[in-house]
Amino acid sequence: DGGITQSPKYLFRKEGQNVTLSCEQNLNHDAMYWYRQDPGQGLRLIYYSQIVNDFQKGDIAEGYSVSREKKESFPLTVTSAQKNPTAFYLCASSISRSVEQYFGPGTRLTVT
Amino acid sequence: RKEVEQDPGPFNVPEGATVAFNCTYSNSASQSFFWYRQDCRKEPKLLMSVYSSGNEDGRFTAQLNRASQYISLLIRDSKLSDSATYLCVVNIKTWVRDDKIIFGKGTRLHILP
């Protein structure tokens, strides 16, 4: 089955720790994205990548980092510099940047 | 004016009724449009793309009005399973960098038995 997987589904961390969220897709999509969603809020773009070894900051990149070493994988690291990391993190992919995106099931991160 | 605006709702609609909601956008360079549905605590799922001529998929009809800069979603014969938040997505063509993709905050729909 083709799709996007994110792991883990729930993640709990102590303040001050870096944490890496996994995102893998087997749709052969070139573009991948990371969004953050807070309760009652819309999706906000953290980072996106249109091609391997290249990525661009979104609207709220501060405190986050990404890598794109393989087409299928786009991990997101939430660093200790991110002031309010508790949120629902969604990874998405698309054939190219201007067409519809498909989302993974998300990771709920709680930092205490 | 916000780039993409939706009425947050909730829209409380009896089962079997028809419901419609709009999404307005401010940038006339907007090029492609989509509707997603998001169930509580789940990921958004693509419902349908919105084409210039309008398009229909079963009970769902999407339309684009470029002159007034809005897209609409019409749901006929609503089912309990249609209860969700509906997100509109607008893709804005820019000439200085990559296309900009804006998600609306969504409209909540509750179908009442």
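Since every read-out is calculated from the coordinates, none of them should be taken as a lab result. What you see is a predicted model, and the numbers here were worked out from it, not measured in a lab. Heads up, the Cβs are rebuilt from the backbone with ideal geometry, glycines too, and the neighbour counts pull from every protein chain shown.
If the convex hull of the alpha-carbon atoms of segment A:1-65 is projected onto planes in all directions, what is the mean projected area in square nanometres? Before the final figure, lay out the partial values.
On the way: hull surface 22.7 nm².
Value for segment A:1-65: 5.7 nm².
Please compute, for peptide B:82-91, the average count of beta-carbon atoms on other protein chains lying within 10 Å of each residue's beta-carbon.
The shielding value for this peptide is 1.
Place +1 on the Cβ of every Lys and Arg and -1 on the Cβ of every Asp and Glu in the protein assembly as shown, take the dipole about the Cα centre, and give the residue among A:Gln37, A:Thr86, B:Phe11 whose Cα lies farthest towards its positive end.
A:Thr86
Counting only C-alpha contacts under 8 Å and six or more residues apart, can you give the relative contact order of segment A:19-96 as a whole percent?
40
Suppose a student asked you for the relative contact order of chain B, using Cα pairs under 8 Å spaced at least 6 residues apart; what percent would you report? Intermediate results must be reported in sequence, preceding the final value.
Values: 282 pairs, mean separation 41.2, N = 113.
For chain B, the relative contact order is 36 percent.
For B:Leu47, what residues show an amide H to amide H distance below 5 Å, using hydrogens built from the backbone and excluding near sequence neighbours?
It is B:Trp35, B:Tyr36, B:Arg37, by chain and number.
Per residue of segment B:64-76, what does 6.51 cos²θ - 1.76 cosθ + 1.60 with θ = phi - 60° give for ³J(HN,Hα)? Whole Hz please, x for Gly and Pro, Karplus curve as stated.
These are the phi-based 3J(HN,Hα) values: 10, 10, 5, 4, 9, 6, 8, 10, 10, 10, 10, 10, 9 Hz.
Could you please report the charge total around B:Cys23, scoring K, R as +1 and D, E as -1 over all other residues with beta-carbon less than 12 angstrom from its beta-carbon? Don't skip to the end; give the middle numbers.
Values: positive: B:Lys2, B:Lys105; negative: B:Glu3, B:Glu5, B:Asp7.
After counting each charged neighbour, the total is -1.
For the residues A:Met32, B:Met48, what sequence is obtained by ranking on other C-beta atoms within 10 Å, fewest first? Mind showing how you got there, number by number?
Details: A:Met32 28, B:Met48 19.
Listed from fewest to most nearby Cβ atoms, that is B:Met48, A:Met32.
Give me, ordered by chain and number, the residues 5 or more places off B:Ser32 or on other chains with an amide H under 5 Å from its own placed amide H.
It is B:Asn91, by chain and number.
Order these by the 10 Å Cβ neighbour count, fewest first: A:Trp34, B:Trp35.
Values: A:Trp34 27, B:Trp35 23.
With the fewest neighbours first, A:Trp34, B:Trp35 line up as B:Trp35, A:Trp34.
Where is the GNM fluctuation largest for chain B (alpha-carbon springs, 10 angstrom cutoff): B:Arg66, B:Arg76, B:Arg41?
Fluctuation is largest for B:Arg41.
Can you pull the Rg over Rh of segment B:1-92, Cα-only, Kirkwood?
Values: Rg = 12.9 Å, Rh = 13.6 Å.
With Rh from the inverse mean 1/r over Cα pairs, Rg/Rh is 0.95.
When Rg is the radius of gyration of the Cα atoms in the protein assembly as shown and Rh is its Kirkwood radius, what does Rg/Rh come to?
Numbers: Rg = 17.8 Å, Rh = 18.2 Å.
Rg divided by Rh gives 0.97.
Which value in nm describes the separation of the simple spin-label points at A:Gln50 and A:Asn28, placed 7 Å from the Cα toward the beta carbon?
In this crude spin-label approximation the distance works out to 2.1 nm.
Restricting to Cα atoms and excluding each atom paired with itself, what does the Kirkwood estimate give for segment A:17-112 in Å? Don't skip to the answer; put the middle values down first.
Numbers: mean 1/r = 0.0754 Å⁻¹.
Final number for the Kirkwood radius of segment A:17-112 is 13.3 Å.
For B:Ile101, what residues show an amide H to amide H distance below 5 Å, using hydrogens built from the backbone and excluding near sequence neighbours?
Residues meeting the amide H criterion: B:Ile92.
So which cysteines of chain B have no other cysteine's Cβ under 4.7 Å from theirs?
By the Cβ distance rule, which asks for a partner under 4.7 Å, the isolated cysteines are B:Cys40.
Relative contact order for segment B:60-105 using alpha-carbon pairs under 8 Å, separation at least 6, rounded to a whole percent?
On the way: 42 pairs, mean separation 11.3, N = 46.
Across segment B:60-105, relative contact order equals 24 percent.
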